[in-house]
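Asker: Dumping the structure here so I can ask a few things about it.
Taken together, the values in this text are just the output of simple stated rules run on the coordinates, not laboratory data. Given the structure is predicted, the values throughout are model-derived calculations rather than measurements. With ideal geometry, Cβ positions are generated from the backbone for all residues, glycine too; neighbour counts draw on all protein chains shown.
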């Protein structure tokens with residue numbers, strides 16, 4: 001499937017968020033540390049679970065989990081008051097936006113492909129008439 005690269009990037013973003021507390025040096029903030037690690041792990045596992053699914057119906061829930069974790073990363077620095085460090089702030093916001101957009105994009109493309117394969121492709125169905 002040509003759209004799989006989006007899920008790979010989301011898995012890598014999840015791994016990055018697992019490592020972020022130590023790389024960006026906010027591991028002393030226990031709540032921010034564990035939230036970043038746990039949500040990063042959920043993002044990584046949800047992204048990897050998409051590969052294990054054979055049908056779109058099964059994979060859809062994991063794509064939505066990845067989408068929600070992306071949204072969480074956008075609000076994370078505001079919940080944990082990380083605005084004073086613009087590097088941390090923009091790391092979370094930009095990668096959160098990328099993750100949410102890629103998850104939504106993957107979900108939209110995959111559900112469209114799934115619908116086309118069930119109902120016949122629109123252009124081919126029209127050409128057959």
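Asker: Which value, in nm² and rounded to one decimal, describes the direction-averaged projected area of the C-alpha convex hull of the stretch 3-43?
Answerer: So the Cα hull casts an average projection of 2.6 nm².
Asker: What full-extension length gain, to one decimal in nm, is calculated for residue 30 and residue 52 as 0.36 nm per residue of separation minus the Cα-Cα distance?
Answerer: Contour length minus the Cα-Cα distance gives 4.6 nm.
Asker: Turning to a different aspect of this structure: At 0.36 nm per residue, and after removing the present C-alpha to C-alpha distance, how many nm does the segment from residue 71 to residue 5 gain when stretched out fully?
Answerer: 21.8 nm
Asker: OK, next. Could you tell me the convex hull volume per residue, in Å³, taken over the Cα atoms of the stretch 17-102?
Answerer: 76 Å³
Asker: Sticking with this structure for a sec: Report the extension gain between residue 38 and residue 89 in nm, rounded to one decimal, defined as 0.36 nm multiplied by the number of residues separating them, less their alpha carbon distance.
Answerer: Full extension from residue 38 to residue 89 adds 16.5 nm.
Asker: Extending each Cα 7 Å along its Cβ direction at residue 64 and residue 108, get the distance between those two points in nm, one decimal.
Answerer: A separation of 1.8 nm, rounded to one decimal place.
Asker: To the nearest 0.05, what FRET efficiency results for residue 23 and residue 81 with a Förster distance of 22 Å applied to their C-beta separation?
Answerer: So, using R0 = 22 Å, E works out to roughly 0.70.
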